[in-house]
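Working notes, beginning with the structure itself.
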Amino acid sequence: MSRLLPARHTRRFVGLLSWSTFLGLAAFAAGADPIVGRWSWHNHVVLFIHADGTAGLGESGGKGKWECVRPNEDPRKYILDWNRGQYYETLYLKKHGRKISGYDQFGHHVWGVRIED
């Protein structure tokens, strides 16, 4: 089981890392990629990104798969693949893990805002 740094050490490292990097490290310590969660998607549905690498739109919407293709960059880059490559989106995690945005394969802008639990 991983353990987070005590608060006195965390403050010391925050100055050295960007917040998005820090949040990503905290998420990895907790065992989940920082993109995992619920997102208010640009087309007014909820995008679910699951820790097992799957994604879904709305209650019964399309099923997809996601992958972080550039985990060591800031912002982190993801590919969200719907229907086995028939439709895909290239996304970037931004605003300290609170926003994702990017483009689909047709060049249309797509985005979402994290729904806080």
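The values are calculated or read from the model by the stated rules, or taken from the named source; none is laboratory data. Given the structure is predicted, the values throughout are model-derived calculations rather than measurements. So basically every Cβ, Gly included, is an ideal-geometry build from the backbone, and we count neighbours across all protein chains shown.
Please determine whether any residue of region 23-33 is among the aromatic types (Phe, Trp, Tyr), buried (at least 16 other Cβ atoms within 10 Å of the Cβ) and either at pLDDT 90 or above or over 13 Å from GLY112 (Cβ atoms) (or both). No, that holds for no residue.
Can you name every residue in region 103-117 that is part of a strand (DSSP E or B) and more than 17 Å from ARG38 (Cα to Cα)? Within region 103-117, TYR103, ASP104, HIS109 meet the criteria.
Results for (1) out of contact with any Pro (no Cβ under 9 Å at 6 or more places or on another chain); (2) modelled with pLDDT under 95, shown as yes or no for each residue.
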{"position": "VAL14", "(1), (2)": "yes, yes"}
{"position": "ILE35", "(1), (2)": "yes, no"}
{"position": "ARG76", "(1), (2)": "no, no"}
{"position": "ARG84", "(1), (2)": "yes, yes"}
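On inspection, LEU57 passes the criterion of being modelled with pLDDT under 95 and crowded, with 16+ Cβ neighbours inside 10 Å. Only residues that are surrounded by fewer than 18 Cβ atoms within 10 Å (Cβ to Cβ) and out of contact with any Phe, Trp or Tyr (no Cβ under 6 Å at 6 or more places or on another chain) were counted across region 93-108, and they come to 9. Is it the case, given these coordinates, that VAL36 is surrounded by fewer than 13 Cβ atoms within 10 Å (Cβ to Cβ) and without any contact (Cβ under 8 Å) to a residue 60 or more places away in the chain? It is false that VAL36 is surrounded by fewer than 13 Cβ atoms within 10 Å (Cβ to Cβ) and without any contact (Cβ under 8 Å) to a residue 60 or more places away in the chain. Counting only residues that are in a strand (DSSP E or B) and either touching a residue at least 24 places away in the same chain (Cβ under 8 Å) or touching a Leu at 6+ places or on another chain (Cβ under 7 Å) (or both), region 56-76 holds 4 of them.
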